[in-house]
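The values are calculated or read from the model by the stated rules, or taken from the named source; none is laboratory data. Just so we're clear, the structure is a prediction, and the values are computed from it rather than from any experiment. Positions of Cβ are backbone-derived with ideal geometry, glycine not excepted, and every protein chain shown enters the neighbour counts.
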Amino acid sequence: MPLFTPPRNASSPFKSMRGDHVGLRVADLDAALDWYRDVLDFRHTRSIEAVGLTFAFMAPPNDDGFEIELVAGPGAADRPKPEDLHATLGLHGWHHLCLRVDDVDGTVTELRRRGADIIAGPMDFGEIRRRGAFFLDPWGNLFELTHDLPVKPRPIRTGRSWAPASAWPPAAIGDVPG
């Protein structure tokens with residue numbers, strides 16, 4: 001959940017706009033189908049052939065509202081594989097696709113067990129109250145995993161020190177010196 005959600009704009013001519021899928025160019029369709037199925041448990045929903053290419057759609061294990069469209073066929077160059085997360089920031093254009101999970105640490109443990117290339121994390125992004133990690137698919141596409149961090153109690157100012165509100169009796173919580 002975002003830290004701040006601006007009001008929806010029901011009068012926008014684009015009010016029906018939603019995320020649907022992201023297209024990823026792959027060199028070997030069968031290898032890509034296997035990797036997304038075996039490593040991420042994605043489901044192959046359909047394939048079509050058009051304009052000399054094959055388009056195969058993969059959906060997350062428990063989400064029918066989003067898909068990765070694997071695009072295979074001749075005519076594409078390999079993406080350079082970054083050595084670390086910092087190196088990925090040196091190119092313009094699409095940077096990463098973020099997947100929300102219930103438990104980043106548990107997901108990273110399982111992805112490592114399945115041979116995924118984890119390049120950063122797990123780590124906390126305190127400013128946005130999220131925990132995250134980054135991994136690459138075999139074609140150099142960068143993915144982020146994230147989950148929200150719990151909201152910490154706001155500290156209160158007492159006459160002696162700063163302390164979390166939960167550390168003080170109820171009568172002291174509103175008793176902030178001027």
Scanning segment 64-106 for residues that are under 21 Å from L145 (Cα atoms), in a loop (DSSP other than H, G, I, E, B) and of a type in the set (A, V, I, L, M), the one farthest from the chain's Cα centre (by Cα) turns out to be L91
Please go through segment 126-141 and pick out each residue that is of a type in the set (F, W, Y) and under 12 Å from the mean Cα position of the chain (by Cα).
-> F134, F135
Give segment 97-136 a look and list any residue that's under 23 Å from G65 (Cα atoms) and either hydroxyl-bearing (S, T, Y) or not assigned by TED's automatic domain parsing to the domain that holds D148 (or both), or say none.
-> T107
Can you name the residue in segment 107-122 that is farther than 13 Å from V39 by Cβ and either touching a Pro at 6+ places or on another chain (Cβ under 9 Å) or hydrophobic (A, V, I, L, M, F, W, C) (or both) and is also surrounded by the most Cβ atoms within 10 Å (Cβ to Cβ) among such residues?
-> I119
Scanning segment 19-39 residue by residue, those without any contact (Cβ under 8 Å) to a residue 40 or more places away in the chain and either under 30 Å from V151 (Cα atoms) or in contact with a helix residue (DSSP H, G or I) (Cβ under 6 Å, 6 or more places away or on another chain) (or both) turn out to be none
Hey, any hits in segment 48-60 for a residue that's outside any strand (DSSP E or B), touching a residue at least 12 places away in the same chain (Cβ under 8 Å) and surrounded by 10 or more Cβ atoms within 10 Å (Cβ to Cβ)?
-> yes
R25 passes all but one of the listed conditions (1) surrounded by fewer than 11 Cβ atoms within 10 Å (Cβ to Cβ); (2) within 14 Å of N141 (Cα to Cα); the exception is number (1)
